Amino acid sequence: MQFQSNFRTYHSRVIALFAAAMLFIAVAACGPGNERPDSDVGIQMFQWNWDSIAAECPTLADNGISWVLTSPIVEHVQGDQWWTSYQPVSYKIDSKLGNREQFAAMVSTCNDAGVEIIADAVINHMSGMSDGGTGVAGSEFEHRNYPGIYGPDDFHTCGTSNDDIVNYNDRSEVQNCELVNLADLKTESETVQATIVAHLEDLLDLGVAGFRIDAAKHIPAQDVEAIVSALPQDTRIIGEVIRAAGEPIQPEEYTNAGGVFEFSWGRDMKSLQAGTTLSTFFKAGTTSQYLPSESAYTFVENHDTERGDSTMNYQSPNYELFTALMLASPYGTPVLYSGYAFSDRDAGAALKADGEHVANAECVDREFMDGAWTCQQRWPGIVNMVQWRIDAADTPIVQEWSEGDGLAFARDGAAFIAVNRGIEPLTGTWQTTLEQGKYCDGGAGTVIAGDCNEPTITVDQDGTVAATIPSHGFLAVSNSTKS
Ligand code: LAG
Ligand code: CA
């Protein structure tokens, strides 16, 4: 009897659980912002404030983007430049991008929409102001002294001129000296690690899904691993380890702690804009060193490289085309970028009337006057290519073709792309691996995702497509754009 009733209870529990699971799946599938299946695509929203990211999350979700990398979130030094964000003075969540309540509200709004938040974690260093000062949330500090968090004993001094990193070929200097005068934390110290972990746990408690580890090259890989191993296992980690040939510290060292940005990728894309044979795209990772795909995060620009000229930027004529190729490539996890137009490298984002907080981001046009938000997450070609990537799933690249300024390939049975990096239109006939039929063109300049009303591309019975691709344009068709 006992057994039977237990059995029955067990049975009804299983049924209840099953019903709950089905309900959960149904709600998840129909909930707001879940019209499109998840992609692996993320986006760095540089200097977007918390209110603005929250407001954009439903659109991001609709456009298939599944995670956002924020700018640094903690209290920082005062000043108009964007890079004050990279000089923490306390771990209060109160910065020019918003306060703790706004941050928490953003995380929960985005999570509800199905978009995860990855926070930029500046844990190698604190501020670099030799004279000290007062942070934007009122915390007083001196160089290498942050009352209540870190004291002078928690920082490296290293004996070079001004304690700065001079020689990047010296491992110890790169990790134990100051990067441009930024007070270098003793990340090997247990108490420093505990303080960093407590801060990251606080952010996880607010619902963030993971972290970019700023200046990871300047933190010994074993320290990053020690910090990361104290966090839940599913925390997404993206280390910033700028690859530089011949240096002793390379990105590969950091893969035990999580993913790592692959700087070679964006640089190689820049070199393919003109001149060199475009077909080298198919050999990506054979001439430059690349991380294994599962560890690599790829990007066409980030906030440093768009200022440092090592990659393309939002103004490059072929930027959208190469962003399309990044999304079309099975290599790595792609990170889109959205920031603001600038001509002065140091210029911060526009401020609110209070002169302290960054103004709300607005997506207006693609004129790119200084200060205008560039809003790549809404550019139709990019939006369409996220869906293309979802359609391509894990199909292999086939039908590789390249000639002059043209490059084309298929993802077998699922998707096809042809690009034209040149200044003249490109006319051709290409072999796809798609079914015969009419398709909408994701490169044509309107958002077609999920709603292919104007098919302009015909795939013939033999699987070929004939088309003319405009200068700096691309043609993109995939199974979900079949009409
Ligand atoms: C990074 N990754 O490793 C960030 O992606 C990069 O944007 C950060 O530099 C750097 N590491 C430190 O977190 C940025 C600016 C620098 C700026 C620094 C600190 O690119 O220009 O340095 O943030 O705010 C600025 C001045 C320096 C000065 C320093 C300290 O440019 O001349 O020495 O502040 O006051
Ligand atoms: Ca360091």
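Things to note:
- With an a/c value of 1.5 or above and a/b not larger than b/c for the gyration tensor axes a ≥ b ≥ c computed over the alpha-carbon atoms, segment 105-174 is described as oblate.
- For Asp94, distant residues with modelled amide H under 5 Å away: Glu75
- Projected over all directions and averaged, the alpha-carbon convex hull of segment 70-216 occupies 8.9 nm².
- Segment Thr276-Glu247, length gained on full extension (0.36 nm per residue, minus Cα span): 7.8 nm
- Pairwise Cα distances in segment 315-412 exceed 15 Å for 69 percent of all pairs.
- Taking amide H as placed 1.01 Å from N in the peptide plane, the amide H of Gly135 sits under 5 Å from that of Glu140, Phe141, each at least 5 places away or on another chain.
- For the chain, average projected area of the Cα convex hull in nm²: 27.3
- Tail fraction, Cα-Cα pairs, segment 251-308, threshold 19 Å, whole percent: 33
- Expected-Rg normalisation [2.2 N^0.38 Å, Cα atoms] applied to segment 418-483: 1.06
- Amide H to amide H, with H built 1.01 Å from N, Arg243 comes under 5 Å of Phe263, Ser264, counting only residues 5 or more places away or on other chains.
- In this structure Ser293 has an accessible area near 40 Å², from a 1.4 Å probe over the protein heavy atoms.
- When only alpha carbons are used to place a centre, segment 192-256 and segment 429-467 end up 43 Å from one another.
- log10 of Debye I(q)/I(0), alpha-carbon scatterers only, for segment 283-326 at 0.20 Å⁻¹: -0.76
- Asp80 contributes about 120 Å² of solvent-accessible surface, heavy atoms of the protein only, 1.4 Å probe.
- Computed as a quarter of the hull surface, the mean projected area of the alpha carbon convex hull for segment 186-258 stands at 4.6 nm².
- Solvent-accessible surface (1.4 angstrom probe) belonging to Glu454, in square angstrom, nearest 10: 140
- Inter-label distance for Thr287 and Gln461, nm, one decimal - labels placed 7 Å from Cα along Cα-to-Cβ: 4.3
The values are calculated or read from the model by the stated rules, or taken from the named source; none is laboratory data. All values reported here derive from a predicted model rather than from experimental measurement. Don't worry about glycine lacking a Cβ; one is built from the backbone with ideal geometry, like all the others, and counts go over all protein chains shown. Quick note on the areas: whole protein, heavy atoms, side chains included, nothing else; ligands and nucleic acids left out. Shrake-Rupley method; radii C 1.70, N 1.55, O 1.52, S 1.80 Å.
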